[in-house]
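For reference, the structure discussed in these notes is given below.
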Amino acid sequence: MNSLALLGYGKMGKLLDELAPSAGFEVVARFDSKSAPISSQSLAGAQVAIDFSTAGAVPANVERLAELGVAMVVGTTGWSSERDRVRVAVERARGALVFGANFSVGVLAFYDVVEEAARRFASEEEYEAWAYEAHHRHKRDAPSGTLIELLRTMERAGYARPIDVACNRAGSIPGTHRIGFDSDADTITLEHVARSRVGFARGALRAARWILDRRPKLGGVFEFRDVWKETL
């Protein structure tokens, strides 16, 4: 089995701990806010680390893990303003990292569906677009990283008109993302609804396997889309 460290031991961390053996990983280190600092000793030989901690902790975590030669998967969102710092740290250490706004394979397919819809409606000026997402009350970033990526996907597809955006935070909602196109004649709605965190955890473990297989050949910083497209 490959050895795995978990950074952040909330609901996602505990779920990853539960699913890791079935994905060929042994969890050898677990870090939360009360743990000892990340070091070669506290990592206990981990080959790869999965980070679902907090946005503020990600840059320092990446810098330390890169120094120690540990491959990384970052599922935490809300740190995009520090992306250059993270990339520099990984490339300086010749490390390897996978990050993503969302580690659900279903969401990656949803990106493609939304991209095609945006391309088709880009020149249909009577259709206005809107975007909506809802998450549990503990999620801090709003709009979510996934919704931001959906908006970027639409823009890259050529949809240049304004897109109205709304967000909700309540209860225990795992995640809902909805994109709509509306005209006087009709409405088209595209929706992805997560039923649990299992899809995110399986995707993160898939990324961890991928980065370990790839690292001896080529390090660098990759998005989860790269993993998905290469392992289809």
Scan segment 171-201 residue by residue and report those that are open to solvent by less than 50 Å² (accessible area, probe 1.4 Å), of a type outside the set (S, T, N, Q) and outside any strand (DSSP E or B). G171, P174, G175, A194, V198, G199, F200, A201
For the structure I just gave you, tell me whether E223 is farther than 17 Å from A101 by Cα and either modelled with pLDDT under 95 or open to solvent by 30 Å² or more (accessible area, probe 1.4 Å) (or both). no
Among (1) among the hydrophobic types (A, V, I, L, M, F, W, C); (2) touching a strand residue (DSSP E or B) at 6+ places or on another chain (Cβ under 6 Å); (3) under 22 Å from A204 (Cβ atoms); (4) touching a residue at least 40 places away in the same chain (Cβ under 8 Å), which single condition is L65 missing? (4)
Just to be sure before I move on: is S39 among the polar types (S, T, N, Q), more than 19 Å from I211 (Cα to Cα) and surrounded by 14 or more Cβ atoms within 10 Å (Cβ to Cβ) in the structure I sent? no
Among (1) modelled with pLDDT of 95 or more; (2) under 19 Å from the mean Cα position of the chain (by Cα), the one test that E155 misses: (2)
Could you tell me whether D213 is open to solvent by 60 Å² or more (accessible area, probe 1.4 Å), among the charged types (D, E, K, R) and part of a helix (DSSP H, G or I)? yes
Being at pLDDT 90 or above, more than 29 Å from A89 (Cα to Cα) and open to solvent by less than 60 Å² (accessible area, probe 1.4 Å) is true for just one of A204, A160, A166. Which residue is that? A166
For segment 93-145, which residues satisfy the criterion of being closer than 18 Å to E230 by Cα, in a strand (DSSP E or B) and open to solvent by 10 Å² or more (accessible area, probe 1.4 Å)? F99
Conditions (1) in contact with a Gly (Cβ under 7 Å, 6 or more places away or on another chain); (2) at negative phi; (3) not β-branched (V, I, T) -> R94 fails only (2)
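The values are calculated or read from the model by the stated rules, or taken from the named source; none is laboratory data. This is a predicted model, so every value here is computed, not measured. Ideal geometry is used to build each Cβ from the backbone, glycine not excepted, and the neighbour counts take in all protein chains shown. The accessibility values were calculated without ligands, DNA or RNA, using every heavy atom of the protein model including side chains. Shrake-Rupley method; radii C 1.70, N 1.55, O 1.52, S 1.80 Å.
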